[in-house]
Structures are given as structure tokens and as C-alpha cells.
Amino acid sequence: MVRKKKEYTPRELGDHRLRPESLMMGYGYRPEWSEGAIKCPIFQTSTFTFKSAEEGKAFFELAYGLREQRPTETLGLIYSRLNNPDLEILEDRLALWDDAESAAVHASGMAAIATTVFTFLRPGDVLLHSEPLYGGTEYLLTQMVPQFGIEVLGFPAGAAGPAAAERALAERKIADTLGMIFVETPANPTNDLVDISHFAELARQHSSRRKVVLAVDNTFLGPLFQHPLKFGADLVIYSATKFIGGHSDVIAGAVLGSEGLVNKVRWTRTFLGTATDPWTGWLLLRSLETLKLRMTCQVKNAQQVADFLATHPKVDRVHYLGHITEDNPQYEVYRRQCIAPGAMVAFEIRGGEAEAFRFLNALKLIHLAVSLGGTESLAEHPATMTHADVPVEDQPRMGITPALVRLSIGVEHPDDLIADLDQALAAV
């Protein structure tokens, strides 16, 4: 296959701009490059041959940043830890959803987050982050990152977040060393929102010494229902394992943003070895073709599930974006920032851990498992599973209670999901 940059499926037909869901079928690839194959082959190779020694030299100069890239020059294929046709095509297509200049795929969502953090932060810097975060991210940021001399400071997701973040920076007198703001919105598992525009402005205000990077984990709403770059985020991060992969059969991550920032992440990825593999890249290319179909179905199902739970006598509270009312302080952020409420529903069962466990153990159609965003519906107990590493004394202030159950709604028939929830609640 000979792949020439920018000689792709066109993004416009005359004055008509093609939508991402249409471009997922062929953008970045032409059948004539691979014997007429309608789908991109799997380039299961570790290394690539050079046409000449001079070409190999030029490729390595670009890969290692030894010189500036010339206007008409592109980085050729060298080694699959650096680049691979499956990954390059995947990155081209992923970037379309968020209208990003560039994307870099990783071996997992955590690999994407860790690579990004260690790209932009150094000893003596401060990392400001929202709470709660996915448990793995929480552990990385609060337990591992400080070992590298980076100070970590949290603020609550939700309406109180902006004031709390600014107060913490002022009280600690560390604003001059702020290097990155990392937010997860909606928050996992509570669905609390973080105002991206506010923190983009906060990052700008503290960028006099050097640029403060705002990175947003957009996994919960995926590339369909929220576009952080449009609200001032510098980078958007995904666990591509979730909605992007969507079939619970791959582990992957992605970072998207401007060409300049993503290239820095890509350089770090090269030397940390956090790129994903060609087979995973190919599977994600397959998944992108049905992304809108799956997520549209899931959001419709989640609405019905959330409505059912909200009226059930054994449910005390439902955490669902679609139920945010005009009197809620987060209503304005939701209406401005989110396109749809997504497929994640959390609820607090009447009782505590024992009642939550009885409910989970009684499910028959919905699977008791962690992760999210797959075609099948999943249920889990955050306090003892995905967020078990969050200290017990810290869980309540983050909204993680013993009674909290998190649901990821799939593509099953909504009546069947509700029937399963109903019979499981009856067992409590």
C-alpha cells in the first residue's frame, strides 16, 4: 500500500460538507492503494523498508525532531511503535468527530492520559484536576504523579468547581507553577459536569509564564455528544475502549487537539512505547463505522431506563444528565456544552452496600462488570470496584456512596432492560 497524505476521500462535495459518519466509511484510504480492497488491510508488521538510505535518514530526522519538517514533506513509515498505516488512518478519522487538527492513538485510555501528563509536566509544576475521576486516573494523578515532584490539587466537579479551583490556587499561592488542568466531564461515576469554557479561561489567565494545557477526558459522552475543543480545551482524551470501540473487545486510548500539541504527545508516545497495535487500530476503524448508530440507540435506551428508575420506590436518587432541570445550577452548562445526555446512568438504591449488592447479584440480562460504552449493558458498584482505590474517607465528598450503582446502557431493547432492572430491584 502506498498512502499519500491528503489524497483521501474528499471531505466536501462541491459546497456540501460531508458529515463524520459518512467519512468513516473511507476517509484516509483508497482501495487502489491495496489491490482494490474495500477495507483497509491489517498491516501486521513491526518495521518498514526504505526506498533508499537517504530516505531512511530523512524519516529519522523528522521522527526524532532533529530538524524542522519542510512544507511538502511527510513522515514516512519507519516502525510500528512510531507509525503504522492502520493507526494513521484511524487517527485521521478520529480527528473528524471533534474537528481536531490531529490525533494520536494509544494502547489504552490510561496510556493516553499518562503520556499526556508526562509530556507537559515537570518537577515543580502543579496539576489541577476535577473530582471525582475514573479510579485509575485518580490513582495515577494522586499517588504516582507526585512521586515525580509534581504537586496535584483537586477541585469538585459540579457548580462549586470553578470557585473552589480558583480559591485553592490563591490560597496555596501556586498559580505561577500551574502547568496543566485536567478535567473529566461528565464525571465518573456521578455525571457531574465541569464548565470547560471557564477552565479554558482559567488556563489562559495563568499562561503568562508558559502555556497551561487544559486536557478534557470526554469518554462518558464520546465524540458524538460533547466537543471540548470547541469550548477552549487544548486536548481531548478518550478511553477508546469505551464508546469508540464499542464492543468490549479492544483496549485503546486517544488524544486529539492541535497539530503542535498532539505532535508533542506523539513524540513522548514514541519513547514511552504507548502506541497501540495494528490489529487494535483495524478493529477501531471497523467500530467507527457504526459509532453514531450505536450511541444514538444507547442514548435513547438510557433515557427510558433513567425515567423508570426515577419513579421506582426503591431508588432514592438518579444521576442522569437528561434529568437536569432549569432550577439546577448545572442546567446552563449542560444546555451549552452537551449535545445529548449520553448513555451513562448512576443511581442510589434505598439502603447501602448490602442492598446494592443484592440488586447487582439479581441482574439477569444486564452484566455485572466494569467498563462502559459497549453494545451490552453493564452494571457495577463504584465504591468497591472502579473507584475502590479512592480512600473511603474521600468517597462521600465526591458523591461515591455505598448505595451508588453505575449503569452503562447498551443497544438491547429498552423494555427488556427495564424488566431486568425491575426484577432485580424486587429482590432487594
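The values are calculated or read from the model by the stated rules, or taken from the named source; none is laboratory data. Predicted model, so just to flag it, every value in this text is computed and none were measured. Cβ sites come from the backbone with ideal geometry, for glycine too, and all protein chains shown count toward neighbours.
General observations
- Selection count where residues are surrounded by 22 or more Cβ atoms within 10 Å (Cβ to Cβ), farther than 28 Å from Ala95 by Cα and out of contact with any strand residue (DSSP E or B) (no Cβ under 6 Å at 6 or more places or on another chain), scope segment 306-329: 0
- Screening Ile237 on (1) out of contact with any helix residue (DSSP H, G or I) (no Cβ under 6 Å at 6 or more places or on another chain); (2) closer than 12 Å to Asp98 by Cβ shows it passes everything except condition (1).
- Odd one out for Thr47, checked against (1) within 27 Å of Phe271 (Cβ to Cβ); (2) touching a Ser or Thr at 6+ places or on another chain (Cβ under 8 Å); (3) without any contact (Cβ under 8 Å) to a residue 24 or more places away in the chain: (3)
- Test: residue in segment 414-422 that is surrounded by 18 or more Cβ atoms within 10 Å (Cβ to Cβ), over 30 Å from Leu293 (Cα atoms), in contact with a Phe, Trp or Tyr (Cβ under 8 Å, 6 or more places away or on another chain) and touching a residue at least 60 places away in the same chain (Cβ under 8 Å): no
- Number of residues in segment 227-251 that are crowded, with 24+ Cβ neighbours inside 10 Å, closer than 21 Å to Ile409 by Cβ and either touching a strand residue (DSSP E or B) at 6+ places or on another chain (Cβ under 8 Å) or among the β-branched types (Val, Ile, Thr) (or both) equals 5.
- When each of His206, His129 is tested for being in contact with a helix residue (DSSP H, G or I) (Cβ under 7 Å, 6 or more places away or on another chain) and either modelled with pLDDT under 95 or outside the structural domain of Gly273 (by TED's automatic domain parsing) (or both), the lone residue that passes is His206.
- Subset of segment 176-203 (residues that are modelled with pLDDT of 95 or more and β-branched (Val, Ile, Thr)): Ile181, Val183, Thr185, Thr190, Val194, Ile196
- Here Pro223 passes the criteria (1) more than 25 Å from Leu407 (Cα to Cα); (2) in a helix (DSSP H, G or I) except the one numbered (1).
- 3 or more residues in the same structural domain as Trp282 (by TED's automatic domain parsing): qualifying helices (runs of 4 or more DSSP H) within segment 14-107: 85-98
- Within segment 400-413, being in a loop (DSSP other than H, G, I, E, B) and within 21 Å of the chain's Cα centre (by Cα) holds for Ile400, Ile409, Gly410, Val411.
- Qualifying positions in segment 197-216 - of a type outside the set (Phe, Trp, Tyr), under 16 Å from Ala168 (Cα atoms) and assigned to a helix (DSSP H, G or I): His198, Leu202, Ala203, Gln205
- Matching option when the condition is more than 16 Å from Phe148 (Cα to Cα) and in contact with a Ser or Thr (Cβ under 6 Å, 6 or more places away or on another chain), among Ala100, Ala111: Ala111
- Selection of first residues in segment 254-265 that are under 13 Å from Ile113 (Cα atoms) and of second residues that are surrounded by fewer than 17 Cβ atoms within 10 Å (Cβ to Cβ), restricted to Cβ pairs under 8 Å at least 6 apart or on distinct chains, gives the following pairs, ordered by first then second residue: Val262/Glu101.
- Any chance Arg122 is at pLDDT below 95 and either part of a loop (DSSP other than H, G, I, E, B) or aliphatic (A, V, I, L, M) (or both): no
- Single unsatisfied condition, Tyr64 versus (1) surrounded by fewer than 16 Cβ atoms within 10 Å (Cβ to Cβ); (2) touching a helix residue (DSSP H, G or I) at 6+ places or on another chain (Cβ under 7 Å); (3) aromatic (Phe, Trp, Tyr): (2)
- The residue that is farthest from Ala369 (Cα to Cα), among those in segment 241-283 that are outside any helix (DSSP H, G or I) and among the charged types (D, E, K, R), is Asp277.
- Condition broken by Ala302, with the remaining ones in (1) in contact (Cβ under 8 Å) with a residue 40 or more places away in the chain; (2) out of contact with any helix residue (DSSP H, G or I) (no Cβ under 6 Å at 6 or more places or on another chain); (3) surrounded by fewer than 23 Cβ atoms within 10 Å (Cβ to Cβ); (4) of a type outside the set (S, T, N, Q) satisfied: (3)
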